[in-house]
Amino acid sequence: MRIKTKDGIELHVEEAGSGIPILFIHEFGGNHQSWEPQMRFFARRYRCISYAARGYPPSDVPDTIDAYSQSIAVSDAVAVLDGLGIDRAHIVGLSMGGFAVVHFGLTVPERALSLTVAGAGYGCEKEFEDYFRKVSLEVAENFEKRGAREFSKVYSLGASRVQFQNKDPRGWQEFADRLATHSDRGAGMTMRGVQARRPSFYDLEEELKAMEVPTLVVVGDEDDHCLQPGIFLKKTIPACGLSVFPKTGHTLNLEEPAWFNALLAEFFASAEAGRWAKRDPRAMPGQIMRTS
């Protein structure tokens, strides 16, 4: 199925199951197929939707950098829901998709039943902000000049990807093979237009404090540059929970699909029952022990 965005870009969309909708938004290193373990599991009870972001075939690959941004990524997610006639859904994203989920909650909170922000935080830490932008541009250049088929051999072995390879070599190889099929131009444009220009979570603190959508943040304990941003989100978003997977890297939903699916199933049920509430004001962060 193809759905057209408000600027005329066509996105490839896939569906499975019926019931309450879940929209899955993929990471930079993945595509719509990265959510197969979740599509297959949750389609038993939910209407599951995944889509290839702009720049990721079989979706369109715009040629200009102005066609790629964080706000456009949110607009595309809304376009998918609109195209399917969906008013509200659970919104789930990994990494680049996790950033889109946060901005979805800030932009159109009324469209979200819940927000799951997994493996998100690269470039947020202030001491690494400039470095991240520089590396993002280098990655973009590598995809454009060396091509995805060649550069995927390097990118797929990042410091937070090797955990996946060690645990599940076959699953990791599928991830690496998908990465090799990325559009050279689309990957470069996405890295330049979305990744390198998106704001840090720390710059959105006041907006995040006012975002009351039930939120679950999930990080791997060996995904070093997502740990502190994950804690920040937990402390800032009013109705936010944090889960840290042990001995786990960046590709959470594929590396530990059983944990990830079980966690989300419980979270969705709590959110649907109205039981994923804001933090009890009596749970004061500054208090160690009560004395009176």
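Just so you know, all these numbers are worked out from the coordinates, no wet-lab data involved. Everything numeric in this text was worked out from a predicted model, so none of it was measured. For neighbour counting, all protein chains shown are included, and Cβ atoms are generated from backbone atoms with ideal geometry for every residue, glycine included.
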In the neighborhood of PRO199, defined by Cβ-to-Cβ distances under 15 Å, what is the net charge if each Lys or Arg adds +1 and each Asp or Glu adds -1?
-> -3
How would you order 131-137, 146-152 from highest to lowest mean count of nearby Cβ atoms within 10 Å?
-> 146-152, 131-137
Could you calculate the contour length gain from ALA258 to SER71, that is, 0.36 nm times the residue separation minus the distance between their Cα atoms, to one decimal place in nm?
-> 64.1 nm
Net charge of Cβ neighbours under 13 Å - reference ALA271; Lys, Arg +1; Asp, Glu -1 = 0
Lysines within cross-link reach of LYS4: Cα-Cα under 30 Å, excluding same-chain residues under 8 positions apart?
-> LYS145
Positive-end residue, the chain charge dipole about Cα centroid, Cβ charges, pick of GLN287, TRP172, VAL139 | GLN287
How do 283-291, 44-52 rank on mean C-beta neighbours within 10 Å, highest first?
-> 44-52, 283-291
Mean separation of Cα pairs under 8 Å and 6+ residues apart, divided by the residue count of the stretch 54-166: what relative contact order is that in percent?
-> 17
Quick one: putting +1 on the C-beta of Lys and Arg, -1 on the C-beta of Asp and Glu, what dipole do you get for the stretch 170-292 around its Cα centre, in Debye to the nearest 20?
-> 320
Which order do TRP259, TRP172 fall in if you start with the one that has the fewest other Cβ atoms within 10 Å?
-> TRP259, TRP172
If r is the Cβ-Cβ distance from ASP280 to ARG197 and R0 is 51 Å, what FRET efficiency results, to the nearest 0.05?
-> 0.85
Exposure proxy order (Cβ contacts within 10 Å, fewest to most) of THR5, THR236 | THR236, THR5
Whose amide H sits under 5 Å from the amide H of ILE25, counting only residues 5 or more places off or on another chain, with H placed in the peptide plane?
-> VAL92, GLY93, LEU94
Let a ≥ b ≥ c be the square roots of the eigenvalues of the Cα gyration tensor of the stretch 209-279; is it rounded (a/c under 1.5), or, if not, prolate (a/b larger than b/c) or oblate?
-> oblate
